[in-house]
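Q: Provided herewith is a single structure, encoded as structure tokens, for subsequent inquiry.
The values are calculated or read from the model by the stated rules, or taken from the named source; none is laboratory data. Every value quoted in this text rests on a predicted model; they were computed, and no experiment measured them. Please note: Cβ atoms are built from the backbone with ideal geometry, for glycine as well, and neighbour counts cover all protein chains shown.
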Amino acid sequence: MTAVYIHIPFCEHICYYCDFNKVFLEGQPVDRYVDLLIREMELTAATQEFAPTETVFVGGGTPTTLNEQQLTRLCEAVHRLFPLTDDVEFTFEANPGDLSLEKIRTLKAMGVNRISMGVQSFNNELLKQIGRIHTTEDVYQSIRNLDHIGFENVSIDLIFSLPNQTEDDFKDTLQKALALDLPHYSAYSLIIEPKTIFYNLMQKGQLILPGQDAEANMYDHLMTEMEKSGKLQYEISNFAAPGYQSRHNLVYWSNEHYFGFGAGAHGYLEDTRYSNYGPLKMYMAPLEENRLPVFQTKPLTLKEEMEEEIFLGLRKVAGVSKDRFLEKFGKPMDQVFEEAIQYTAEQGWLLNQNESIALTRAGRFLGNHVFREFL
């Protein structure tokens, strides 16, 4: 199978926590970017034979900052260049307020069948404090618009442990999110990344965070309420009604291969990870000369591939299959990672079964700590 990630770096506003590759939309050569993005896909198609494509994910930035004509050109290129399967999962990321009926109709007509929307909170004051420009009413209107056009597969993202956020506030946000009864939810604890506004504020001692205990309580409440609502946890930060897991993200966590297109996009083919130039001019320049915009490639050693299989796979509630590990690498997992498995299981963080290893509920609170034991 083939999985495809496409990056649209434009945003109308830069959120205070975001460290993704993005630029302000105003004054940018958006039309030319779309042209060259399509050229990158064409150049790749000329040298690669694409297998049936089961997932396409258009992320950002904010992909829905593109207008209807740009969206149509991009999606037509996807259909032309990739052999999409009949049941392809075709996802677009969006922001509440960006989803006009016209854009939703365009996406629907172009075969897009899944929308992932960055909501983050249902507290308008908190949304302002984290640099979001939408309101709670924008969320509800976007959901109504999607429902009106017939989009059923809708996911929303939430962030918890935000500055000045209380446990009661997150409970209220979660209650309002679950009241929408959507098929998929993602919820992440805030991570302060370098080169963000929040990072600069933290360096100055001006960022007040809830603290580790409050963060753990929020995560515990999240897992409990999702289970009550019939949204099964299938990954550390992701919950879905049966049959609505994100197939594209499962490609990443299952350590499968995928193509990455666009400024700053990453891909993983055979035993090599690669990334494109991030700055717009540096990404576009080689494509103007019909060259691929690859910034760096990193062939993985067998040891690195095995480690990635573990720390990516352990994000899944189902964990990592021992048979699959043996089939991929020719070595038994219990032998390669004997000490790490024994230690993390003794700590109560890992469930070591005959068929697989998986994080326990306690282990999900300490994911990164557990992953480090396998490196």
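Q: Is it true that some residue in region 59-70 is assigned to a loop (DSSP other than H, G, I, E, B), surrounded by fewer than 20 Cβ atoms within 10 Å (Cβ to Cβ) and of a type in the set (D, E, K, R)?
A: No, region 59-70 contains no residue that is assigned to a loop (DSSP other than H, G, I, E, B), surrounded by fewer than 20 Cβ atoms within 10 Å (Cβ to Cβ) and of a type in the set (D, E, K, R).
Q: Does region 235-255 contain any residue that is under 22 Å from M41 (Cβ atoms), at pLDDT 95 or above and either part of a strand (DSSP E or B) or touching a Leu at 6+ places or on another chain (Cβ under 6 Å) (or both)?
A: No, that holds for no residue.
Q: Consider region 342-362. How many of its residues are closer than 27 Å to D213 by Cα, free of Cβ contacts under 8 Å to residues at least 40 places away in the same chain and buried (at least 18 other Cβ atoms within 10 Å of the Cβ)?
A: Adding up the residues that qualify gives 3.
Q: Can I ask one more? Which ranges mark the helices (runs of 4 or more DSSP H) fully within region 262-375 that have 3 or more residues being under 27 Å from the mean Cα position of the chain (by Cα), at pLDDT below 95 and closer than 20 Å to S237 by Cβ? Step through it out loud before you land on a result.
A: Working: elements: 280-288, 302-313, 322-329, 333-336, 338-346, 361-364, 367-372.
The helices (runs of 4 or more DSSP H) meeting that bar are 367-372.
Q: Within region 245-290, restricting attention to residues that are of a type in the set (D, E, K, R) and free of Cβ contacts under 8 Å to residues at least 12 places away in the same chain, which residue is farthest from R315 (Cα to Cα)?
A: Among those that are of a type in the set (D, E, K, R) and free of Cβ contacts under 8 Å to residues at least 12 places away in the same chain, it is E289.
Q: Looking only at region 218-239, how many residues end up being of a type in the set (D, E) and either surrounded by 19 or more Cβ atoms within 10 Å (Cβ to Cβ) or more than 16 Å from L359 (Cβ to Cβ) (or both)? Let's see the steps before the verdict.
A: From region 218-239, those of a type in the set (D, E) are 220, 225, 227, 235; that's our starting set.
Imposing the further condition that a residue be either surrounded by 19 or more Cβ atoms within 10 Å (Cβ to Cβ) or more than 16 Å from L359 (Cβ to Cβ) (or both) reduces the set to 225, 235.
Selection size over region 218-239: 2.
Q: Taking the condition of being more than 21 Å from H248 (Cα to Cα) and buried (at least 21 other Cβ atoms within 10 Å of the Cβ), how many residues in region 71-97 meet it? Talk me through it step by step, then tell me what you get.
A: Within region 71-97, the first condition is being more than 21 Å from H248 (Cα to Cα), and the residues that meet it are 72-73, 96-97.
Filter again for buried (at least 21 other Cβ atoms within 10 Å of the Cβ), leaving 96.
So the count comes out to 1.
Q: Step by step: first the residues of region 22-39, then only those that are basic (K, R) and at pLDDT 95 or above, then the one that is surrounded by the most Cβ atoms within 10 Å (Cβ to Cβ). Which residue is that?
A: R39
Q: Name the residue, out of E42, E49, E68, that is modelled with pLDDT of 95 or more, over 23 Å from the mean Cα position of the chain (by Cα) and more than 15 Å from I6 (Cα to Cα).
A: Details: E42 fails: more than 15 Å from I6 (Cα to Cα); E49 fails: modelled with pLDDT of 95 or more.
So the residue among E42, E49, E68 that is modelled with pLDDT of 95 or more, over 23 Å from the mean Cα position of the chain (by Cα) and more than 15 Å from I6 (Cα to Cα) is E68.
Q: Of all residues in region 308-320, which are among the small types (G, A, S) and surrounded by fewer than 19 Cβ atoms within 10 Å (Cβ to Cβ)?
A: Within region 308-320, A318 is the sole residue that qualifies.
Q: Give me the pairs, please: first residue somewhere in region 315-327 and farther than 17 Å from Q245 by Cβ, second residue anywhere and surrounded by 16 or more Cβ atoms within 10 Å (Cβ to Cβ) and of a type in the set (G, A, S), beta-carbon distance under 7 Å, and either six or more positions apart or on two chains.
A: That search, which allows pairs on different chains as well, returns K322/S356.
Q: Is it fair to say L43 is under 22 Å from Y277 (Cα atoms), part of a helix (DSSP H, G or I), out of contact with any Pro (no Cβ under 8 Å at 6 or more places or on another chain) and touching a residue at least 12 places away in the same chain (Cβ under 8 Å)?
A: Yes; evaluated as a whole, the condition is true for this residue.
Q: Among the residues of region 174-199, how many are surrounded by fewer than 14 Cβ atoms within 10 Å (Cβ to Cβ) and under 14 Å from Y16 (Cα atoms)?
A: So the answer is 4.
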